[in-house]
1. What's the number of the condition THR169 fails, among (1) touching a Pro at 6+ places or on another chain (Cβ under 9 Å); (2) farther than 28 Å from CYS351 by Cα; (3) crowded, with 18+ Cβ neighbours inside 10 Å; (4) not small (Gly, Ala, Ser)?
2. Go through region 251-283 and count every residue that is part of a helix (DSSP H, G or I) and either among the hydrophobic types (A, V, I, L, M, F, W, C) or over 18 Å from SER205 (Cβ atoms) (or both).
3. Being under 28 Å from GLY210 (Cβ atoms), in contact with a helix residue (DSSP H, G or I) (Cβ under 9 Å, 6 or more places away or on another chain), at pLDDT 95 or above and open to solvent by 20 Å² or more (accessible area, probe 1.4 Å) narrows it down to one residue among GLN400, GLN412, GLN406; which is it?
4. If you scan region 398-427, which residues turn out to be in a loop (DSSP other than H, G, I, E, B) and of a type in the set (Lys, Arg)?
5. Would you check if there is a residue in region 228-245 being among the charged types (D, E, K, R), at negative phi, more than 20 Å from the chain's Cα centre (by Cα) and modelled with pLDDT under 95?
6. Can you name the residue in region 140-161 that is more than 24 Å from the chain's Cα centre (by Cα) and hydroxyl-bearing (Ser, Thr, Tyr) and, of all such residues, is modelled with the lowest pLDDT?
7. Open to solvent by 80 Å² or more (accessible area, probe 1.4 Å), within 30 Å of PHE7 (Cα to Cα) and either part of a strand (DSSP E or B) or not acidic (Asp, Glu) (or both) - does that describe any residue in region 144-157?
8. Taking region 217-244, which residues are open to solvent by less than 40 Å² (accessible area, probe 1.4 Å), in contact (Cβ under 8 Å) with a residue 24 or more places away in the chain and not hydrophobic (A, V, I, L, M, F, W, C)?
Amino acid sequence: MTIHTLFVPSDSIEDALSRAGAVWGIEPEYWDIFGRHHVTPPSVTQAILRSRGVAADTQEQLDAAIEEMLWWQWSRPVGPVIVLGEHDHNIELTLPVQVGGSRLRISIFWESGETASFDVDPDKSPVSRTAELRGARFEARSIPLPTPLPLGYHDLTVEGVAGYSFPPTKCRLIVGPDHAWCPPEYAGNYRRAAGITVSLYGVRSARNWGCGDATDLIPLLDWLASDVQGSFLGLNPLHAIHNRTPYNTSPYLPNCTLYRNFIYIDPEQTEEFAGSMLAQRIHGSEKFQTQLVQLRASEFVEYEKVARLKLRFLKLLFRTFLRHWRNGDADAFRVWAQQEGVALHRYATYCALDETLHKANRDLWLWTDWPEEYRNPESAASEAFEKKHWRLILFYKWLQWLLDRQFAADQQHARDRKLTIGLYHDL
């Protein structure tokens, strides 16, 4: 059955609001988590339409907006974006009705830089929808694409070769996988997996520093494997944050999603701690242990205090690492840092700049507050900063190295305990 669209004026403002809501994708009703049914009031539909720039005060305004939107949808062959699966082979084009003999040219510009172009005869493709607007007739046809679709963000252009008068129309073509990645042991099996999730920062233990860390995951994984027989342990986002108020202590407002928050490092599980008598003596002192007891006893995570204590202690351990690094005994770190490339270097430079500038001026909370010359990582001022503060930049790279190693050890422990997925990180 072919769906036909024909604009006619609304019977009332309520009818106009209902039609406009459907055109702009406003749900007319929903059921909440408790099973209660809710109908969207006209006033709410009207408010949402206004927030989207639609004049919605009168029936006439709504009818005019609906007619204009329908015309915009039908009078161009494609919308702004087309989303396809990797095994989809057709796209829908909305075209003016022609007498026959018309041809189109479709050009695809792949994100790789390659292009594909081909001509099509729309009359050979089936009609799925039709419309009559402003005295013109349109039809939507499903046009086959004669080439495999690589995953990625591409550009697609439609232009008339014969019979069509519309100008070349460009849209974004997004091709995604048909399903999410599946671990090999589940592929073709569809076996259900169960697990639990925890907010790592809120995990309490008799040994951490007032905030859950990588070592706290080991007993959780053991319990999950032996008592629950689960497949995974889900974690909150571990993204890097500033660990300070007011900007910020929320894992959902990161300053970087590629790298992690150093507050999750367990300093006692580093080689540098094992090799530093000074660090062990400070850690075992009554003053230091009193601080740890107070932080563990706090009702809430004292992000700033924990971060300050860990950062100061990790800088002490970094001295030991720096000696190894200078002696050429840090090959694994060098290889890892090289693999991380520019992203790690720029993130570490950002951290060093943030620490240095915020220490000099406590009113500089965000990079947008920094002096202009430091906002561009490729500026002369930024390059001069890198040369002067290379140790501090190296320190922040080393912190990410520690995090990578400690969480990798956790994941290996999970797999050793036969958790088929292991750690699952929230994005």
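The values are calculated or read from the model by the stated rules, or taken from the named source; none is laboratory data. These numbers were taken from a predicted model, which means no experiment stands behind them. Cβ atoms come from the backbone with ideal geometry, glycine included; neighbour counts cover every protein chain shown. Areas reflect the complete protein model, heavy atoms only, side chains present, ligands, DNA and RNA absent. Shrake-Rupley method; radii C 1.70, N 1.55, O 1.52, S 1.80 Å.
1. (3)
2. From region 251-283, those part of a helix (DSSP H, G or I) are 262-264, 267-269, 271-274, 277-283; that's our starting set.
Still in the list and also either among the hydrophobic types (A, V, I, L, M, F, W, C) or over 18 Å from SER205 (Cβ atoms) (or both): 262-263, 271-274, 277-282.
Residues meeting the conditions: 12.
3. Values: GLN400 fails: open to solvent by 20 Å² or more (accessible area, probe 1.4 Å); GLN412 fails: in contact with a helix residue (DSSP H, G or I) (Cβ under 9 Å, 6 or more places away or on another chain).
Answer to the check: GLN406.
4. We begin by selecting, within region 398-427, every residue in a loop (DSSP other than H, G, I, E, B); these are 417-421, 426-427.
Of everything in region 398-427, those that are in a loop (DSSP other than H, G, I, E, B) and of a type in the set (Lys, Arg) turn out to be ARG417, LYS418.
5. Taking region 228-245 first, the residues among the charged types (D, E, K, R) are 244.
Still in the list and also at negative phi: 244.
Next cut, more than 20 Å from the chain's Cα centre (by Cα) only: 244.
Narrowing further to those that are modelled with pLDDT under 95: 244.
Within region 228-245, one or more residues are among the charged types (D, E, K, R), at negative phi, more than 20 Å from the chain's Cα centre (by Cα) and modelled with pLDDT under 95.
6. Of all residues in region 140-161, those more than 24 Å from the chain's Cα centre (by Cα) come to 140-148, 156-161.
The next check asks that each one be hydroxyl-bearing (Ser, Thr, Tyr); those that pass are 142, 147, 157.
Numbers: SER142: 94, THR147: 71, THR157: 96.
Only one residue fits best here, namely THR147.
7. Filtering region 144-157 for residues open to solvent by 80 Å² or more (accessible area, probe 1.4 Å) gives 146, 148, 151, 153.
Next, from what is left, pick out any that are within 30 Å of PHE7 (Cα to Cα): none.
No, because not a single residue in region 144-157 is open to solvent by 80 Å² or more (accessible area, probe 1.4 Å), within 30 Å of PHE7 (Cα to Cα) and either part of a strand (DSSP E or B) or not acidic (Asp, Glu) (or both).
8. Residues satisfying the conditions are GLY230, SER231, GLY234, ASN236, PRO237, HIS242, ASN243, ARG244.
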